[in-house]
Each structure stands twice: as structure tokens, then as C-alpha cells.
Protein chains: 2
Amino acid sequence: MPESSKHELDAPPWLRVESTLMSAARGIRRAYDRRLEELGLNLSEAILLAFLQEASPTAGPLMQVDLARHMGVGRAAMGSLIDSLENRGWVERHPKANDRRVWLIAITPSGDQAASQITKIDERLREELRKGISRKERRELNRLLNRLRENVERVISAESE
Amino acid sequence: MPESSKHELDAPPWLRVESTLMSAARGIRRAYDRRLEELGLNLSEAILLAFLQEASPTAGPLMQVDLARHMGVGRAAMGSLIDSLENRGWVERHPKANDRRVWLIAITPSGDQAASQITKIDERLREELRKGISRKERRELNRLLNRLRENVERVISAESE
DNA sequence: TCCAGATAGTATGGCGCCAAACAATTTCGC
DNA sequence: GCGAAATTGTTTGGCGCCATACTATCTGGA
């Protein structure tokens, strides 16, 4: 086997997987940010609002720290994401009855409407992004990414002790 | 994460795959940045140096724009990555014979040494990150991410016309 | 009861990356 | 040949996110 194609069939070294992942992440953010520009949103804000629309009916309003954990961002970043959505009137901060430290984040009717527009934009874009990727592969991708995320989480929390 | 197992059998909507991917990317960067801190490097610089070590023997010195394309970053970002490696004496900019616009980037002996240390750090960390992910799955993950990256690339370049 | 520690959210400073504008140089059409 | 267009690399301004430190509040043990 020629040296050049040897790596093609091989399992790639991890650093190469991570390199590809970082690159894909940057590209996805750029692509979504452009499409979402008409709504005045970036990808993180859109993901958050879509999640709130999806989760609110069953889970009710959530604390900022829960949302941060769900999205894998810090509390400070989540705070400014919510600031931004709140300024547009798409979410509201409600005080919690027995704990004056926390805010409960609730999606508003106009936020719900915006989330539906996000879904439409997402549908159009993802149609182009999933070319050559089957439903089964998408599921597999999601599964592996989640496992990777769990491992990362474990490494990071083990390190900060 | 009890609520994600509910969707495990389902093919997740794309926005959720992307959300997971962005989160994994943030976590990976954080984990690597901490481990690489002892070398004074961040993940992007490490990936670039490792790539130069791997590619230089066969491809020779490369132009900045080629490196940028390979890593999926802009030309400006690549410029500052190279500045940083050059300041540490790990790469050198050489003029190209027939084109005075470009720099050819070559790894130095001490850069090669640093790249080997990067590889060691990567080996230790990836051992923890690949828990529960088989060799075959790793290859599959890399394949799907590459396809995703190609699709992203196509979308973005089609849009800027 | 009371105080030490934990926890939610905010403010601040820094870093990585992008987009756009720019300068230098090459390339291509006429 | 010559000028317009394209290409390489840099500069600048802005944004997203992190880490840290801080405030306010809750909780649990002596």
C-alpha cells in the first residue's frame, strides 16, 4: 500500500479528528450566523431560543445555570445570551418563589414566533448540510458527539479539583 | 442527562446535532488549552505545528493561504497563528522564489521537538477522550465530520457570490 | 442561632476568530 | 505590453466565549 493512502483507511490520529471537528464547528457557526442575520440572532441565541420553545411546555421555566449546563457554556455567557433575547422581548426573567438568587427563564409569545422562524431557516440550511449523510449516520454522529462531550466534561471537571 | 436518552432512538433534528457539536468543540478546546498551557500554546497553534511536522517531509514548505484552507480558518487568523509560532522560533517564513507576495512556512528543528511534545500531550488526553469510542467509530466520526465540513464549505462559498 | 461554605447570577479582562479594508504583487484579457 | 482583476498577506474593529472575582442569597452543621 502506498504511503499516501495508508492513512485514508486507517483510523485517523485523534488530533486530526479534533482538527476536523473544530473546523466544522467554525464553519457551521459562520453559515448559520449569516442565515440568522435577518433575525438579528447568532447561532447560540437561536439554539437557546429553539430549546426553550421545545422544552418549556414539558419542563416549565428553567434556571440560567441549567440552560448553561445544557448548552455547555459558562454562566456568564448564558447571562449575556439571555440579556440579548430579553432585550428583544423574546424571553422573560421571572423571580423564583423560594430562592431570590435565581431567575426563571420563560419564552414569550413573540419569542415563540421567532423560534418558529428559526426552525424554518434551520430546515432550509440543514437540507444543504446533510447532503450525503443518511438519517442513520446523523443519529450515529449525534451519539458519538454526545459521548465525546461526556468524556470532555469528565476530564475538565476532574482537572479542576 | 436524563432527557437526552429519550431521544436516543430518534434521529435528532439538525439543530440539536449542531448544538452538540458546538458544545463538544468548546469543551475540546478548553481541555486541550489547559494541557497545552505548559508549552505556551493553544489548540489551534498545536494543531498547526503538528500538521507542519507531519506534512513538511512530503509536501515541503507551504503558503499561509494553503494552511488556512487546510485548517478552515481565515487568512488573518492564520497570520497571527504563524506570528506566534515564529516568535517562539518554531517556524520560519521563507520568501518564495517567483512570487514576492507569499511566505513559505517551514518548521524548525526546535519546532519539530515541540511538535513531539504536543504529540505526547495529545496521546495522554485522547486516551481519556476516546473512552467508549472504538477505532471504527472514530473513523466513522472523522468521515462524517469531513463530509459535514465539505457541505459547509460549499454553502458558504455559494453564498458569497 | 449563627456562621462557614455552597450556589446563582453579574462584571471585567483577555483571547481566538471573522469580516472588511488595505497594500503589494502577480496574472490575464485585450 | 498595459491596465483591470485576482491573489497573498496584514491591519483594524467587533463579537463570542472563558476564567476570575465579586455580590447576593441559601443551606447545613456546631
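FYI, it's all coordinate maths here, none of it is from the lab. No experiment lies behind these values; they were computed from the predicted model shown. Ideal geometry is used to build each Cβ from the backbone, glycine not excepted, and the neighbour counts take in all protein chains shown.
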Practice problem: In debye, nearest 20, what is the charge dipole magnitude of chain B about its Cα centre with +1 on Lys and Arg Cβ and -1 on Asp and Glu Cβ, if you could check? | Solution: 220 debye
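Under Stokes-Einstein, with the Kirkwood radius over Cα pairs standing in for Rh, what whole-number D in µm²/s applies to the protein assembly as shown at 37 °C and 0.692 mPa s?
153 µm²/s
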Quiz item: For residue B:37, which inter-copy label distances result when the label point lies 7 Å beyond Cα on the Cα-to-Cβ vector, reported in nm to one decimal and in ascending order?
Solution: 3.7
Quiz item: If you average the sequence gap of Cα pairs under 8 Å that are 6 or more apart and divide by the length of chain A, what percent do you get for the contact order?
Solution: 19 percent
Quiz prompt | Surrounding net charge for residue A:105, when Lys and Arg each add one and Asp and Glu each subtract one, Cβ distance under 10 Å | solution = -2
Self-check item: For the stretch A:45-161: rounded, prolate or oblate by the Cα gyration tensor [a/c cutoff 1.5]
Solution: oblate
Practice problem: Assign unit charges at the C-beta atoms only (+1 for Lys and Arg, -1 for Asp and Glu), then state the dipole size of the protein assembly as shown relative to its Cα centre in Debye, rounded to the nearest 20. | Solution: 420 debye
Quiz prompt | Two-site label geometry, residue A:113 and residue B:123: point separation in nm, points 7 Å out along Cα→Cβ | solution = 6.0 nm
Practice problem: Take every residue in peptide B:28-40, count the Cβ atoms of other chains within 10 Å of its Cβ, and give the average of those counts. | Solution: 3
Quiz item: In peptide A:66-73, what is the residue-averaged number of other protein chain Cβ atoms found within 10 Å of each Cβ?
Solution: 3
Quiz item: Which of the listed residues, B:125, B:72, B:106, is farthest toward the dipole's positive end in the stretch B:67-142, when Lys, Arg count +1 and Asp, Glu count -1 at the beta-carbon?
Solution: B:72
Quiz item: What nm distances, shortest first, do you get from the label point of residue B:83 to those in the other copies when the point sits 7 angstrom along Cα to Cβ?
Solution: 2.8
Self-check item: Average Cα contact separation per residue, the stretch B:78-161, under 8 Å, 6 or more apart, as relative contact order %
Solution: 16 percent
Quiz item: What are the nm distances, shortest first, from residue B:116 to its equivalents in the other copies, labels at 7 Å along Cα→Cβ?
Solution: 6.3
Quiz item: Of A:131/B:96; A:136/B:131; A:131/B:131, which pairs sit farther than 31 Å apart, going by alpha carbon to alpha carbon?
Solution: A:131/B:96
Practice problem: Grab the eigenvalues of the alpha-carbon gyration tensor for the stretch A:11-91, scale each by 5, take roots, and send me the semi-axes largest first in whole angstrom. | Solution: 27, 17, 11
Self-check item: Within-15-Å neighbourhood charge of residue A:39 [Cβ basis; K, R +1; D, E -1]
Solution: -2
Quiz item: Where the only charges are on Cβ atoms (+1 Lys, Arg; -1 Asp, Glu), what is the dipole of the stretch A:100-161 about its Cα centre, to the nearest 20 debye?
Solution: 220 debye
